[in-house]
1. Restrict the check to the range 73-89 and report whether at least one residue is touching a helix residue (DSSP H, G or I) at 6+ places or on another chain (Cβ under 7 Å), touching a residue at least 12 places away in the same chain (Cβ under 8 Å) and surrounded by fewer than 16 Cβ atoms within 10 Å (Cβ to Cβ).
2. When you check residue 60 against the structure, is it farther than 14 Å from residue 92 by Cβ and assigned to a helix (DSSP H, G or I), yes or no?
3. Which of (1) modelled with pLDDT of 95 or more; (2) in contact with a strand residue (DSSP E or B) (Cβ under 8 Å, 6 or more places away or on another chain) is the odd one out, the single condition residue 27 does not satisfy?
Amino acid sequence: MKIGKENEKLEFKKTTAELKEGIISMSAMLNKHGGGELYFGVRNDGTPMGFDISEKTLRDISQAIANHLEPKVYPKVTEVFIDNKPCVHVDHRLLLSWRVRVCPSLVWQDRLCTPGDTGAWGSQFYPRGNA
């Protein structure tokens with residue numbers, strides 16, 4: 001059973017080997033929509049594949065998110081079973097991101113801004129939607 005189709009508020013990653021890409025997607029979702037959902041253990045087409053999950057896995061995901069997003073984001077990270085396959089669900093709908101971390105000039109592209117991308121804004125950061 002497929003759990004949906006990827007979109008601007010829903011992202012699938014096969015394993016935590018794609019954690020960095022998942023965090024970049026989270027930043028894009030937070031900046032554009034104020035949140036979204038991320039699943040690990042799900043193919044890009046929405047088919048659950050599962051993987052081995054421990055408490056350490058959940059803790060590592062939470063810590064990586066806390067260490068790489070500003071302002072700090074503390075999403076709900078839980079193990080869920082989809083078609084009896086263990087997956088990780090990251091719900092980060094509760095917080096807004098106040099720093100533009102993904103280039104607003106790009107349409108739905110997960111790429112971190114470089115200093116050159118933000119040159120037109122000087123050193124100021126703007127609330128989401130005002131960049």
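1. Yes, there is a match, as at least one residue in the range 73-89 is touching a helix residue (DSSP H, G or I) at 6+ places or on another chain (Cβ under 7 Å), touching a residue at least 12 places away in the same chain (Cβ under 8 Å) and surrounded by fewer than 16 Cβ atoms within 10 Å (Cβ to Cβ).
2. The answer is yes for residue 60.
3. Of everything listed in (1) modelled with pLDDT of 95 or more; (2) in contact with a strand residue (DSSP E or B) (Cβ under 8 Å, 6 or more places away or on another chain), residue 27 misses just condition (1).
The values are calculated or read from the model by the stated rules, or taken from the named source; none is laboratory data. Note that the structure is a prediction, hence the values are computed from the model and not measured. As a convention, Cβ positions derive from the backbone with ideal geometry for all residues, glycine included, and neighbour counts pool all protein chains shown.
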